[in-house]
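Working notes, beginning with the structure itself.
The values are calculated or read from the model by the stated rules, or taken from the named source; none is laboratory data. Every value quoted in this text rests on a predicted model; they were computed, and no experiment measured them. Reconstructed Cβ throughout: ideal geometry from the backbone, glycine too, with neighbour counts over all protein chains shown. What goes into the accessible areas is simple: the full protein's heavy atoms, side chains included, and nothing from ligands, DNA or RNA. Shrake-Rupley method; radii C 1.70, N 1.55, O 1.52, S 1.80 Å.
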Amino acid sequence: MGSDTGTIIAADTVSADTALYDLLIVGGGINGAGIARDAAGRGASVLLVEQHDLASHTSSASTKLIHGGLRYLEYYEFRLVREALMERERLLRIAPHIIWPLSFVLPHSRLVRPAWMLRLGLFLYDHLGGHLGGRMTLPRSRAVRLHDDPAGLPLRDEYRRGFIYSDGWVQDSRLVVLNAMDARARGAEIRTRTTLVRARRAGTVWEAELADARGGPVRTVRARALVNAAGPWVDRVLRDRLGVATTKHVRMVKGSHIVVPRQFDGEQAYILQNPDRRIVFVIPYEQDFTLIGTTDVPWTSDPGQVEISPEEIRYLCDSVNRYFHKPIAPSDVVWSYAGVRPLYDDAAQNASAVTRDYVLDVDVPDGVSGATPGGAPLLSIFGGKITTYRRLAEHALEKLTPYLPVVTGAGWTADQPLPGGDLGPGGFDAVLERLRADAPFLPERTAWRLARNYGTRAWAIIGDARQMADLGEEFGAGLTAREVDYLLREEWAETADDILWRRSRLGLHVGRDDAARLERYVNARRTGAPGPSGQAPIAMAS
């Protein structure tokens, strides 16, 4: 069968010293991608640059939850929790293929918090999101006798009472990519592997030098406003790349997770209270595994070089063993990941108590407004969480409106589906059923994964295929050349790691030999080696 795959051709570069954008965004995590989408949809010309791959750091190292943050109520973060719960509902609507409901079992431990406190917290959690007209669609929390409920079977006998509540699960790195794709569809330019070398104000615009990691000359662009969404690097960008002083700073906190073979039956997750009053999530992961996290450890080193410590692995194992019949040990860990959360430094002594709320700081020379010519504005983002990224983007554009009249249009992202999220009547189940009918040759797991990853865009991969062989070479776990080429062409993937760990989530299922074969295939496509069967050339995402 035919295919739209072929040699990958690098996109043309824009000539230096000519491009003028309304907005230059530094950072391709969830906040940068969300702002790019919103701004482009309001008619702004946008350039987003990311020094590595999209979502290659904090935004792919989360606990994969869209949630209000039940534990934040203990720190009186009522505004943040309310906003997050309302955003949870919006995100479930606009990205139902990559975000779906998940129930959590909260065993009661007499050693940590009394049952009345948990009940009160869950009551607030159920009702805060509905305050001021919000509509909550997930089930309300309920008390449960763990000895009489299947959810209690994996737990040790001393845990007799508990609660069950609902939140959302998200494919975090795909959420970033889908926002970037929609931004591009609305006119934004997305440049990965591109570093901001330096930028300076030149009258009413920023003049910025950009370096492409693939080589070539440094590119100079101009922008009417600059957004510093560099996450853990936000301070460094301010100091070293922009030469701007600020009284606000990020506080880096490392969060680590472990993955072990599946520990229990069922699709429910667990939230465990530890004696230090921290909580740990235990979540079904990628069908065959269990995800456990996270930790909160102060971090002062390079945010790009972060990994889990033996002490964190032991802490997470101990947390599970305190509650579950089936013990785990460090030797059971099949994979781990760690990321740095760039929290706003509110001077809290305990890393777990540092606010997860965000702060937006606008730097403009004195006396400058939208009606008065002067220096170009700079917006820096401190803190935030993946659940509230969309609202953060709206707030960011509100801050920039006095200086960028082009973005004065109303917010629009709350109701517009992300790419592939227009599932229609019947939702995900109906899409999966249609995909199975149109491509009955797909293994059950592969069909489910394609529907979950791509929603209605899964048909852009299946195309006219009538058998698995039509999808080209297979690299293990149902990953085919047709899907790989789609990711290279549409989603800015450039390496096997991009594909296995941040696009397809197949890194745990593909063996070392297949991963090496995939890397060779990707390299050949990117360097222009001829593809099999004489496929037509395709262009890399840009």
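Average projection, convex hull of the Cα set of segment 284-337: 4.5 square nanometres. Using the Cβ atoms and a cut-off under 12 Å, what net charge is assigned to the surroundings of R517, where Lys and Arg are +1 and Asp and Glu are -1? Summing Lys/Arg as +1 and Asp/Glu as -1 gives -3.
Label separation (K248 vs R436): 4.9 nm, computed from points 7 Å beyond Cα along the C-beta direction. Ordered from highest to lowest accessible area with the whole protein assembly present and a 1.4 Å probe, H147, H127, H257 read as H147, H127, H257.
All other residues whose Cβ lies under 9 angstrom from that of P377 are scored, Lys and Arg at +1 and Asp and Glu at -1, for a net of +1. Working note: Cα atoms of the chain, range along each principal axis, descending, whole Å: 69, 63, 46. Taking the protein heavy atoms of segment 22-74 in the context of the full set of protein chains, the accessible area attributed to carbon and sulfur is 49 percent at 1.4 Å.
Given a Förster distance of 51 angstrom, what is the FRET efficiency for E444 paired with V218, based on the Cβ-Cβ distance and rounded to 0.05? Efficiency at R0 = 51 Å is approximately 0.55. Only protein heavy atoms count here; under a 1.4 Å probe, R445 has an accessible surface of about 110 Å². Measuring nothing but alpha carbons in segment 218-301 and taking Rh as the Kirkwood radius, the Rg to Rh ratio lands at 1.19. Please compute the Kirkwood hydrodynamic radius over segment 78-198, one decimal place, Å, based on all pairs of different Cα atoms. Its Kirkwood hydrodynamic radius stands at 17.3 Å. What whole-number value in Å² describes the accessible area per residue of the chain for a 1.4 Å probe? I get 40 Å² per residue for this part.
Among the protein heavy atoms of segment 217-348, carbon and sulfur supply 51% of the accessible surface, probe 1.4 Å, non-protein parts ignored. Peptides 494-500, 211-217 ranked from most to least packed, by the mean per-residue count of other Cβ atoms within 10 Å: 494-500, 211-217. I want the local charge near L404. Using Cβ-Cβ distances under 9 Å, sum +1 for each Lys or Arg and -1 for each Asp or Glu among the other residues. Once all neighbours under 9 Å are counted, the net charge is 0. Working note: Debye formula, equal point scatterers on the alpha-carbon atoms of segment 429-504, no solvent; log10 I(q)/I(0) at q = 0.11, 0.15, 0.16, 0.19 Å⁻¹ is -0.24, -0.45, -0.52, -0.74.
Across all Cα atoms of segment 167-321, the radius of gyration (one decimal) and Dmax (whole number) stand at 20.6, 62 Å. Ligands, DNA and RNA left out, the 1.4 Å accessible surface of segment 161-211 is 45% carbon and sulfur atoms. Overall dimensions of segment 392-542, expressed as equivalent-ellipsoid semi-axes from the Cα gyration tensor (√(5λ), whole Å, largest first), are 32, 22, 14. Taking every protein chain into account, the 1.4 Å probe leaves R502 with about 40 Å² of accessible area, to the nearest ten.
Accessible surface comparison of V406, V259, probe 1.4 Å, protein chains only, largest first: the order is V406, V259. Projected label points at A143 and R466, each 7 Å from Cα along the beta carbon direction, are separated by 6.3 nanometres.
Per-residue packing, averaged as other Cβ atoms within 10 Å, sorts the ranges 24-37, 189-202, 429-442 into the order 24-37, 189-202, 429-442, beginning with the highest.
Ignoring lysines fewer than eight residues from K399 along the same chain, the ones with Cα atoms less than 28 angstrom from its Cα are K248, K385.
Peptides 283-292, 230-239 ranked from most to least packed by the mean count of surrounding Cβ atoms within 10 Å: 230-239, 283-292. With a simple spin-label model that places each label point 7 Å from the Cα along the Cα-to-Cβ direction, the separation between R239 and L508 comes to 3.7 nm.
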